[in-house]
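Here's the structure we're looking at; comments come further down.
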Amino acid sequence: MTSLDEQRALVAQGCRVAAARGLVDGVLGHLSLRVDDEHLLVRCRSDTDAGVAFTRPSDIRLITFDGGAGADDELDGYRVPNELPIHVETMLADPAHRAVAHLHPPAVVAADLAGIAIRPIYGAYDIPGARLARGGVPVYERAVLIRTPALGRQMVAAMRGRPVVICRGHGITSAAATVPQAVLQAISVDALARMSLRVKAAGGSLRDIDDADWDDLPDLGPSLHTGAAWRHEVARLPAD
Ligand SMILES: [Zn+2]
């Protein structure tokens, strides 16, 4: 069990990685991590906030599931995101959803608006991404600000049990057991969207890889793959 401060640092790191990969711009987008049955850590805003790319561990605050301060002073000078229901409803829907990333990746939004579904168009290029796409990346068709529990539940219903949902004209929500997994899933969906747009721009058409190829696209396992991939993401972050 890691300390609360270590968890704050991990969520802040996740925010910076997502921004460094172009999955969020400016001040919009947030990550969260469930702490227990009543509390979560979430990226908050403050008057000294310089944007998601510059998230500090101190920007990650402990709150209750109903948006109140999780301890004394936790919300002094900090504002909980309007879209907190995205995090809370995603966590309540499945105890395996400990980490939630809500991001606004332009390539994913553009691909969806262009009518392109996220499909397994490649294989060994990015096996975790291909497998994620094979299982489906559903779309929540409303472009609304998800600021009520009812809208949060509507988005979760649209996820249909999958780890990532695209919010049309808005962004994505990625849920996983850990912060690195939630962010890496988002990076994979963004890579699929970018490649899809690139193929289309080159005049090509998109089609799923052959069914026969799946036998030789093994699940690399989260411990092996996520560990190495996350080290890379952290290493390529701009120096503080
Ligand atoms: Zn949003």
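The values are calculated or read from the model by the stated rules, or taken from the named source; none is laboratory data. What you are looking at is a predicted structure, and each value in this text was computed from that prediction instead of being measured. Glycine also receives a Cβ, built like all others from the backbone with ideal geometry; neighbour counts cover every protein chain displayed.
Look at PRO138 and say whether it is more than 16 Å from the ligand (Cβ to nearest atom), free of Cβ contacts under 8 Å to residues at least 40 places away in the same chain and out of contact with any Pro (no Cβ under 9 Å at 6 or more places or on another chain). So PRO138 passes the test. In the condition set (1) more than 14 Å from the ligand (Cβ to nearest atom); (2) at pLDDT 95 or above, GLY152 is compliant with all but (1).
Of all the residues in the stretch 163-183, those that are away from the ligand (no atom under 16 Å from the Cβ) and either assigned to a helix (DSSP H, G or I) or farther than 11 Å from THR90 by Cα (or both) number 5. The one condition from (1) farther than 19 Å from LEU145 by Cα; (2) touching a residue at least 40 places away in the same chain (Cβ under 8 Å) that THR64 does not meet is (2). Meeting the requirement of 2 or more residues that are at pLDDT 95 or above and closer than 30 Å to LEU197 by Cα, the strands (runs of 3 or more DSSP E) wholly within the stretch 28-116 are 30-34, 99-103.
In this entry, LEU132 passes the filter for residues that are more than 16 Å from the ligand (Cβ to nearest atom) and either part of a strand (DSSP E or B) or crowded, with 17+ Cβ neighbours inside 10 Å (or both). If you go through the stretch 14-31 and pick out every residue that is within 13 Å of the ligand (Cβ to nearest atom) and on the phi < 0 side of the Ramachandran plot, you end up with 8.
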